[in-house]
Structures are given as structure tokens and as C-alpha cells.
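Scroll down for the structure; my scribbles are underneath it.
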Amino acid sequence: MREPILSVRDLSVLLGGRRGFLRKTVLPTKAVSGVSLDLHEGEILALVGESGSGKTTLGRTILGLQRENAGDILLDGKSVAGLPPDVARRARNAIQYVHQDAGAALDPWWNIGRTLAEGLLIQGMKDAAARMERVRAMLAAVGLDPESARRYPHEFSGGQLRRVSLARILLLQPRILILDEPTSGLDMSVQATVLNLLLDLRKRFALTYLFISHDLSVVERLSDRVAIMHLGKIVETGFARDVFARPLHSYTRELLNAAPRLTGRRTSDGLSAVQTASVGAARRA
Ligand SMILES: Nc1ncnc2c1ncn2[C@@H]1O[C@H](COP(=O)(O)OP(=O)(O)OP(=O)(O)O)[C@@H](O)[C@H]1O
Ligand SMILES: [Mg+2]
């Protein structure tokens, strides 16, 4: 097999410790504890686990937003761990984060054309007309009207905002996206269109996804492999179909038993709205 695009080796991250003066010392939480995983080019690896299991912390550490306490992170086989945060972030430009709050990274006072073009300017693209051309093409690529470059963040729906934020990130030419609950807070039918868009963009821009989610019905359909996280550790990893059919770890079985799911897998044309509507029905039942 080819070398993984990203490797995490025995990574540990401690959070929130304080040495007290008058108050007592607060011991840090081991939010990530000896985690290893490989991400192969072009795949979708789902990171699944209950709230507080350390998924976001792991994602932020891979991005370089959080310093690791032990372990290594390799991008194309080269270590990017142990660098100061600003250097680490630059070394990891190929990795971008898709926040669950799509509006968070958009300036409310700028039309989105200006916000998106700004990213290109920072990358050194000097020609304003060329920048706007790229922005319009990217808006079209994520299924938005290029004319919407003139609109402001509050003039978009939740689903459209996810598209805008994906366009902003894709202009940075990432190779790996860390998607942290990318469809949370969206209606079922909108979720399906966003997930289909993600499948489409992955192919079109040759992307690799680390997909953080606790929605097992989505994970089962979307991911190639899954890693199950529990109390800061990865307790099980494997091909999605194997893990869902024959969970080995007791925690994975618990997770699967707790979540009603439908059988059936991703098709070549992605998720249909009908399928997802029935997932919605199953979850409400
Ligand atoms: N800034 C912080 N200071 C101290 N502890 C923190 C901090 N951020 C997170 N934690 C703790 O680290 C652990 C992992 O948190 P994390 O946010 O990574 O979990 P998660 O799996 O992303 O959860 P969720 O599904 O709710 O988003 C939790 O026990 C959490 O309370
Ligand atoms: Mg989280």
C-alpha cells in the first residue's frame, strides 16, 4: 500500500491543567491518549465517538491549533509535530478545518466575494479581476450562483452557508479536510445535499477527509473506514462495512445498539434524499 498522506503516532494531548496558588491545583484532562491512525489519500475516515471522547481535540492537534504533549504527526511521511503553533500551522497548510458553525469564519460586514478573494490575496494572487474569476468559479463548483459573491453572510440559508465556507476553504487548495460534524444543525434533506456535495468535491478536488461525526447512519454510508474513539483512545478501527457488521469492541457494540440505523450503503451517486428521509424516520421512530 502507498504511504499514508497523514499519520498520527501515539499522540497524547493534555488539556486544562492549572497550577494553583491559593486555589488547589487542577489536574489536566488527557483529552487524547496514545492515538495512532493513518489517513490514506482519497479516503474518507470517520472518527466516531460520544461527546467528550476527544474527537475535536484530536482534529485541532492534527491542524496545529493545539500542541501535542507526546507523539508524532507525519504529513507525507515528514514530521510536523513539536513546532511552535504559528510554524506548525504553516507547515500544515494542506490540512484545513471545516467548522460546524459555517458562518464563524465569515466577516458579517464583507460580501462573501470579498471574503473569498481575500484568501487568494493572502496567497499572493495580485490580479483583482483574476481573483474574482476564481471566486466565481469556486462558488459555481459548490453549487451556488456566482452572482451570490455580492451577497452578505446573513443573506444565505444554513445549507448555503456550508457551501460558502467550503468554497472559502477550497480556494486555499487543501489536500485534507477535517470535517467536524459538518452537517449538524441542518434539516435532514439539507444534510443529504451537503453530504452529496462533499462526496462530489472529494472526487473533483482529489481530497481526503477525516470526518468527525456521531451520526452513525451518516458515517455508515459515507465513510470508507472508521475509527471509534472512547475516553481519548481509539478502541477500534477498520473498514466501515466490517466494523458495522462485526463490531469487536464492547464500546462499539454499545454505540451501535444505541443508534437506530438502516441497512444499505453509499451508492455511486451518493445519498438520495429519499434514503436520508427514511433515516430521519428511523431515527424519530
Ligand atoms: N479547553 C479545554 N480545557 C480543558 N478541558 C477541555 C478543553 N477542551 C476540551 N476539554 C476536555 O477534553 C475532552 C475531549 O473534548 P473534545 O471537545 O475533544 O471532545 P469531542 O469528542 O469533540 O466532543 P463533542 O462530540 O461534544 O464535540 C473532554 O473531556 C473535554 O471536557
Ligand atoms: Mg467536538
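With 18 Å as the limit on Cα-Cα distance, the pairs of Lys126/Lys203; Lys24/Lys55; Lys55/Lys233 that go past it are Lys126/Lys203; Lys24/Lys55. Once the convex hull of all Cα atoms in segment 16-69 is built, its volume per residue stands at 99 Å³. Using a Gaussian network model of the chain in which every pair of alpha carbons under 10 angstrom is joined by a spring, one finds that among Thr25, Thr237, Thr252 the greatest mean-square fluctuation is at Thr25.
Among the DSSP helices (H) of the chain, those spanning at least 15 angstrom by Cα along their long axis with an average Kyte-Doolittle hydropathy of 0.5 or more are 112-122; this is a geometric and hydropathy rule only.
Going by neighbour counts of Cβ atoms within 10 Å, the residues Met229, Met188 line up, fewest first, as Met188, Met229. When the Cα atoms of segment 101-173 are aligned to their principal axes, the ranges along those axes come out at 31, 21, 20 Å in descending order. Rounded to two decimals, the Cα-based Rg/Rh of segment 1-102, with Kirkwood Rh, is 1.01. Taken over the chain, the convex hull of the Cα atoms encloses 165 Å³ per residue.
FYI, it's all coordinate maths here, none of it is from the lab. Quick caveat: nothing in here was measured; it's all calculated off a predicted structure. Here Cβ is always computed from backbone atoms with ideal geometry, including for glycine, and neighbour counts include all displayed protein chains.
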